[in-house]
């Protein structure tokens, strides 16, 4: 049974979207076109479907079952399929009521057997109300109960060690999209079911040097599951954590798929971390899965290599909230994708001034705009903006090939035809890279026309962690309520203390990436030791600089406000509430450098 059509209403960026699906579909489109949102809508459909379908036994008879449809109310913390900072974030334009009426998120699905299911999500008193509508036929409901959709988000590196978990803990992690945190448990289950040879075959096809997987765990003596692998011609085994990211990604994808055996597989950018040869192996294995095991597979990608290996009628293009099957001219695909990041004004500015600011995403640019206006004043900042073109890199730009980007844009817009070369100013989050000075030195040696500024704090959101500004903003948002600031600050400090373990994990992942990229060959003990040293050297005096402001501190403060009946704030409004005197000196220096880069003379204040 396969889905042949989906219609989405009021979900995230889609007010309404209809998509015709086939057995094997590749979703492409410019940044922010809704590729991930389309996949998430199907994951949401699966969540609502299985939470609203129930099975009961008749008169205690285990052999006779009745399938029922029930509406349910679910708290935000239990809505694990799509965790968001605020429940309203799931609705288009954050509107869950209009004209006194509730606006429902609805996912309508038509299967290839002509059966129809509509899943609905409402918001009542900050709880999700979910329901489904379909034909009430016992055979059909039984078929729906056994129908499974699996959504695998963008790959994350495995943990250094992993304890044996109960099935309930494993299921909870999987429901939250944290496959990487229980991958060894999944591999252990795969071995227990005699299915590990399938994964070994897939790995051997993709990586000729791979020989075998070894999975060990003793229920009596072991705390951690030991997963290692061997390569041809080598006697030594290597821990799974030491494997390259491409190897880990194949284990992540095909180990999970084999164990869970879903009917519909949803993959968000499965090509990340894979070079061209492994991307070819990925597509080959996915097509084989679809053909031999009758799976339906839908995945989103930016990879030109992958798109060029797929038949045109298997490609769905998202553009301006419309989904179309198009025959793409692969020779101009890169051009179209890059053009999607610029409007006509940006292109004109790029051709005239040849100054490009590269940022991680549009949110980072919005923060820069706020800081620029405050530090330079409205008039001078407008002069700077008029001379800059902005390129969102969709990820940390220091991990991407900026030299290649400069060359592509130069050729694309013929920027060599008149004198001065194209120049780039790259603004990047530090992202816990172990040795920042070494990083900046190596980056600035790559091209004289590419400048880098890597934030001294973990991310740009860390510069918003100013207590006075937080208190001012929260009081303003809640001026009609009696908000006591002491409990709010206590919560801030509590979150800060609790984030220490999160920061250690981030350092551990960064050290692991560094060891692989620089070919250090460090073992787990060495990497963990380096991560702990980094944390110990910075935490006491710089915790506000290295804490996880973006994903832990600021969302945690918003949850506290919500749970205590107070109005929340946006990160952008927090930036706007900062006084110039409260803005970090590093941010001020960056803005002055940016003005100089744009060719605008300003007076430092």
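A few remarks follow.
- Matching entry among 451, 457 (being modelled with pLDDT of 90 or more, under 23 Å from residue 585 (Cβ atoms) and part of a strand (DSSP E or B)): 451
- So residue 185, is it at pLDDT 85 or above and out of contact with any strand residue (DSSP E or B) (no Cβ under 9 Å at 6 or more places or on another chain): no
- Options 199, 159, 203; residue that is outside any strand (DSSP E or B), touching a residue at least 60 places away in the same chain (Cβ under 8 Å) and not assigned by TED's automatic domain parsing to the domain that holds residue 109: 159
- Looking only at residues in the stretch 132-144 that are crowded, with 18+ Cβ neighbours inside 10 Å and part of a strand (DSSP E or B), the one that is nearest to the chain's Cα centre (by Cα) is 132.
- Taken over the stretch 226-268, the criterion of being surrounded by fewer than 21 Cβ atoms within 10 Å (Cβ to Cβ) and assigned to a loop (DSSP other than H, G, I, E, B) is satisfied by 232, 233, 234, 235, 236, 237, 244, 261, 262, 263.
So that you can scan it fast, the table gives a plain yes or no per residue for (1) in contact with a strand residue (DSSP E or B) (Cβ under 6 Å, 6 or more places away or on another chain); (2) farther than 30 Å from residue 511 by Cβ; (3) not assigned by TED's automatic domain parsing to the domain that holds residue 112:
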{"residue": "240", "(1), (2), (3)": "yes, no, yes"}
{"residue": "250", "(1), (2), (3)": "no, no, yes"}
{"residue": "263", "(1), (2), (3)": "no, yes, yes"}
{"residue": "271", "(1), (2), (3)": "no, no, yes"}
{"residue": "276", "(1), (2), (3)": "no, no, yes"}
{"residue": "279", "(1), (2), (3)": "no, no, yes"}
{"residue": "282", "(1), (2), (3)": "no, no, yes"}
{"residue": "285", "(1), (2), (3)": "no, yes, yes"}
{"residue": "303", "(1), (2), (3)": "no, no, yes"}
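- Helices (runs of 4 or more DSSP H) fully within the stretch 355-429 that include at least 1 residues being out of contact with any strand residue (DSSP E or B) (no Cβ under 8 Å at 6 or more places or on another chain) and closer than 30 Å to residue 274 by Cα: 362-376, 402-412.
- Residue check for residue 211: at pLDDT 85 or above and over 20 Å from residue 522 (Cα atoms): yes
- Among (1) more than 21 Å from the chain's Cα centre (by Cα); (2) over 24 Å from residue 240 (Cβ atoms) - the single one residue 499 does not satisfy: (1)
- Out of 388, 409, 415, 405, one residue alone is assigned by TED's automatic domain parsing to the domain that holds residue 354 and modelled with pLDDT of 90 or more. It is 388.
- Just one residue in the set 600, 587, 580 is at pLDDT 90 or above and surrounded by fewer than 14 Cβ atoms within 10 Å (Cβ to Cβ); that residue is 580.
- Qualifying residue in the stretch 531-540 (condition: touching a strand residue (DSSP E or B) at 6+ places or on another chain (Cβ under 8 Å) and either surrounded by 19 or more Cβ atoms within 10 Å (Cβ to Cβ) or touching a residue at least 24 places away in the same chain (Cβ under 8 Å) (or both)): no
- Scanning the stretch 272-301 for residues that are in a loop (DSSP other than H, G, I, E, B) and over 23 Å from residue 6 (Cβ atoms) gives 272, 273, 274, 275.
The values are calculated or read from the model by the stated rules, or taken from the named source; none is laboratory data. Remember, it's a predicted structure, so these values are computed and weren't measured experimentally. Every residue, glycine among them, receives a Cβ derived from its backbone with ideal geometry; neighbour counts consider all protein chains shown.
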